[in-house]
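Only the coordinates and a few stated rules stand behind these numbers; no lab work does. Treat the numbers as computed from the prediction; the structure is a model and nothing was measured. All Cβ positions, glycine included, derive from the backbone under ideal geometry; neighbour counts span all protein chains shown.
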Amino acid sequence: MWFGLWLMAGAALGQAVPAASTPARTPNTVPSGATPAQGQQAKPVEDKPDSVDEKGAGLTTSLWQWKGLIVEKILFEGVTFDATDTLPKELTQKVGVPLDPQEVRASLRRLFASGRYRDISVRGIRQGDQVTLVFAGAARYYVGRVTIAGVKSERLTSLLEFATKLSPGTAFTEAQIPAGTTGIKEILQQQGYYEPQVAVKSEIDEAGDQVNVTYTVAIGPQARVGQIKLVGDDTGLTPEEFRKRSKLKENSKVRRDTTSNALDRLRKLYQKKNRLEATVSLQKQTYDDARDKVDYEFHASPGTGGEGVGGGGEDFDRAAASSGSYLRGRDD
């Protein structure tokens, strides 16, 4: 008859292990010092862990009841060890000797401390006076190479690599791949590319316990400046003057600093006219994919005092600038 027993690494080590998915892989059962498991016709009994003591010992009382039984085999599931790997031989619980719960606990900790497991448990299969131990867990991978393909600009390539937030050498989770795609699209949108195509491919490097990820990017057309709408009470500027002063020329390419430069120019304009309480902000920007243009809506309020800001010549009052007065404004 088979008896099952489980030990979660979180309980054994007194620390939480984050739940996260990993790239799909075929589970492997690797024997240590013995032939594959026998007794496949035996009927398994439902696994029911007993309670853990207050110190978090983590081992079930069933395992203590099996103390002294000869360990026939030690198997591994979820993580592959090749013939040259010494880790299985470093476990304190050995094959062919009596089972010692303390040694099993130490072996479990040794496996988890190796960094190869995201989570780990141990179960036992008893056959007569012998027991087979099975250490099972999800493999932990690390971020390997992150490659951006299809982008000619080195500067933009560097920005997109950073946008993936995949740092080589850090723990890898499958959820990071779509998050990286989202980050790439956000950066491209800031650069004026609203219709990129991003394909991603990940490859597991078993030898290095890492995942290499390649994003192939087609950035698409760069959007153009479309309609400009100005709202606010007595802005002091007509829409045409606003567009001219902000240098938001229609059909010009949308770039990362398009709106920030426009806002900066307008604030300086108000400041030159001694409009110390003026505010200028971007209310919203909307991309029209049919036109491949970005429409903007700005809000402006010149505040009180000072001179008019539109329609006049270039003889501006520079008193505010020379006095170092503060101009209120915000860039949303």
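What to note about this one:
- Under 26 Å from Lys229, Cα to Cα: lysines that are on another chain or at least 8 residues apart: Lys244, Lys247, Lys249, Lys253, Lys268, Lys272, Lys273, Lys284, Lys293
- Principal axis dimensions, region 62-211 - Cα atoms, whole angstrom, descending: 71, 29, 20
- Rounded to whole Hz, the Karplus (6.51, -1.76, 1.60) HN-Hα couplings of region 150-158, x for glycine and proline: x, 10, 7, 6, 5, 5, 5, 4, 5
- Subtracting the Cα-Cα distance of Thr92 and Glu195 from their residue separation scaled by 0.36 nm leaves 31.4 nm.
- Global form of region 142-218, assessed from the alpha-carbon gyration tensor, a/c cut-off 1.5: prolate
- Among Val143, Val95, sorting on how many other beta-carbon atoms sit within 10 Å of each Cβ, with the fewest leading, yields Val95, Val143.
- Label zone of Glu250 (point 7 Å out along Cα→Cβ, amide N under 16 Å): in region 278-295 this covers 288, 291-295.
- Long-range amide H partners of Ile120 with built H, under 5 Å: Ala9, Gly10
- Residues Glu297, Glu161 in ascending order of nearby Cβ atoms (within 10 Å, fewest first): Glu297, Glu161.
- Candidate lysines - alpha carbon under 20 Å from Lys73, same-chain residues fewer than 8 apart omitted: Lys43, Lys89, Lys94
- Extension gain, Gln222 back to Arg265 (0.36 nm per residue minus Cα-Cα distance, nm): 13.1 nm
- Here Gln130 and Arg291 are evaluated by their C-beta separation; at R0 = 56 Å the FRET efficiency comes out at 0.15.
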